[in-house]
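> My structure is below; once you've seen it, I'll send some questions.
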Amino acid sequence: ADRLKGKRAVITAAAAGIGRACAIAFAREGATVIATDINESGIAGLAKEGIAETAKLDVRNTADVNAFAKRVGKIDILLNAAGFVHHGTILECSEEDFDFSFDLNVKSMHRTIRAFLPDMLAGGGGSIVNISSCAALRPPANRYVYSASKAAVSLLTRAVALDFITKGIRCNSICPGTVETPSMLDRAAAQGPQGKEMFISRQKMGRLGTADEIASMAVYLGSDESAFTTGVDLVVDGGYML
Ligand code: NAD
């Protein structure tokens, strides 16, 4: 239960789904967790899960991210979980839709990493974990801009890993398959009564993943157990890629 003992971690989008599961798992493993989300009421309940601090943070707002990082100072783990799944092909994706997806899914990570990295470097290192998606590796149908944005996340991850590889910084991404989370269930419902079955059928294991199964990988990447691992996409997908 002490795999992250002595580490300070910041998590974005911690009110729901994968981010929330990561926050709880990190705290269970002994980390001092600062859980953030744009949804304040969603993170309020995390105090009773052993989370040290919760803070409202909109990862689309550069000034807020910078001020937050300045206040928090040196951390050991930064986990970027914020993301949005746009439904549709290129023809359903307006320029506004495109910009929104890239801003929330990609530029948010640019903001948080830029804000936290200097203190991580000064403190001797740290682990950055970005939630990408299997869609970055093989696009599912109707996930045009989502797939493109997550592919950018995976390469942003590798570029950061390479540039700071001798400075104690590791940067990896997790590529989940279809995971049962509030927004995933909403997307399934929007597809009609067969929506959930359709999502399950993408997983060759025949079931959806759980947010805890993604959090297990995040704990590994945040911890020193993964000290020799940087710049990779770790796939947790129930066979989606097979
Ligand atoms: P979710 O979509 O259910 O919840 C997303 C959270 O992000 C919410 O708590 C929301 O308030 C927060 N958020 C939205 N905009 C924000 C902003 N501007 N600033 C801060 N927080 C904001 O959660 P999920 O489905 O677990 O998705 C989390 C991540 O995992 C996303 O990056 C998603 O792309 C990725 N992912 C999810 C799945 C899946 O099947 N659920 C699969 C692969 C990858």
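> Would you please list the contacts, defined by Cβ atoms under 9 Å and residues six or more apart or on different chains, that run from a residue in the stretch 1-26 that is within 17 Å of Ser127 (Cβ to Cβ) and open to solvent by 40 Å² or more (accessible area, probe 1.4 Å) to a residue that is within 16 Å of the ligand (Cβ to nearest atom) and part of a strand (DSSP E or B)?
Partner pairs satisfying both residue conditions: Arg8/Val33; Arg8/Ile34.
> Quick one: in the stretch 215-231, which of the residues that are outside any helix (DSSP H, G or I) and open to solvent by 60 Å² or more (accessible area, probe 1.4 Å) is farthest from Gly124 (Cα to Cα)? Working first, answer last.
Within the stretch 215-231, the subset outside any helix (DSSP H, G or I) is 223, 227-231.
Cutting the leftovers down to open to solvent by 60 Å² or more (accessible area, probe 1.4 Å) gives us 227-228.
Details: Ala227: 14, Phe228: 16 Å.
Only one residue fits best here, namely Phe228.
> Could you say which residue among Ala161, Ala188, Ala151 is among the small types (Gly, Ala, Ser) and more than 17 Å from Cys134 (Cβ to Cβ)? Outline the logic, then answer.
Details: Ala188 fails: more than 17 Å from Cys134 (Cβ to Cβ); Ala151 fails: more than 17 Å from Cys134 (Cβ to Cβ).
Exactly one of Ala161, Ala188, Ala151 is among the small types (Gly, Ala, Ser) and more than 17 Å from Cys134 (Cβ to Cβ), namely Ala161.
> Among the residues of the stretch 216-235, which ones are within 12 Å of the ligand (Cβ to nearest atom) and over 23 Å from Ala151 (Cβ atoms)?
Matches in the stretch 216-235: none.
> Another question, then. From the set of residues in the stretch 55-98 that are acidic (Asp, Glu) and under 20 Å from Ala151 (Cβ atoms), which is nearest to the chain's Cα centre (by Cα)? Reasoning before the result, please.
Looking only at the stretch 55-98, we keep the residues that are acidic (Asp, Glu), and these are 58, 64, 76, 92, 95-97.
Among the residues that remain, those that are also under 20 Å from Ala151 (Cβ atoms) are: 92, 95, 97.
On the way: Glu92: 25, Glu95: 24, Asp97: 20 Å.
Out of the qualifying residues, it is Asp97.
> On to the next question. Which residues, counting only those in the stretch 200-209, are open to solvent by 40 Å² or more (accessible area, probe 1.4 Å) and either in contact (Cβ under 8 Å) with a residue 40 or more places away in the chain or part of a strand (DSSP E or B) (or both)? Write out each step before concluding.
Within the stretch 200-209, the first condition is being open to solvent by 40 Å² or more (accessible area, probe 1.4 Å), and the residues that meet it are 201-202, 204-207.
Answer for the stretch 200-209, where residues must be open to solvent by 40 Å² or more (accessible area, probe 1.4 Å) and either in contact (Cβ under 8 Å) with a residue 40 or more places away in the chain or part of a strand (DSSP E or B) (or both): just Arg202.
> Checking Gly45 against (1) farther than 25 Å from Tyr146 by Cβ; (2) within 15 Å of the ligand (Cβ to nearest atom); (3) part of a loop (DSSP other than H, G, I, E, B): exactly one of these is not met. Which one?
It is condition (3) that Gly45 fails.
> While we're on this one: Filter the stretch 60-90 for residues that are β-branched (Val, Ile, Thr) and either surrounded by 16 or more Cβ atoms within 10 Å (Cβ to Cβ) or over 30 Å from Ala189 (Cα atoms) (or both) and give the result.
Passing the criteria: Thr62, Val65, Val72, Ile75, Ile77, Val85.
> For the condition in a helix (DSSP H, G or I), in contact with a helix residue (DSSP H, G or I) (Cβ under 6 Å, 6 or more places away or on another chain) and polar (S, T, N, Q), what is the one hit in Ser147, Ser173?
Values: Ser173 fails: in a helix (DSSP H, G or I).
Criteria check complete, one pass: Ser147.
> Go through (1) more than 27 Å from Phe68 (Cα to Cα); (2) open to solvent by less than 40 Å² (accessible area, probe 1.4 Å); (3) near the ligand (Cβ under 10 Å from one of its atoms) for Ser133 and report which single condition fails.
Ser133 satisfies every listed condition except (1).
The values are calculated or read from the model by the stated rules, or taken from the named source; none is laboratory data. Everything numeric here is computed off the predicted structure, so don't read it as measured data. Backbone-built Cβ (ideal geometry, glycine too); neighbour counts: all protein chains shown. In case anyone asks, the SASA skips ligands and DNA or RNA and just uses the protein heavy atoms, side chains included. Shrake-Rupley method; radii C 1.70, N 1.55, O 1.52, S 1.80 Å.
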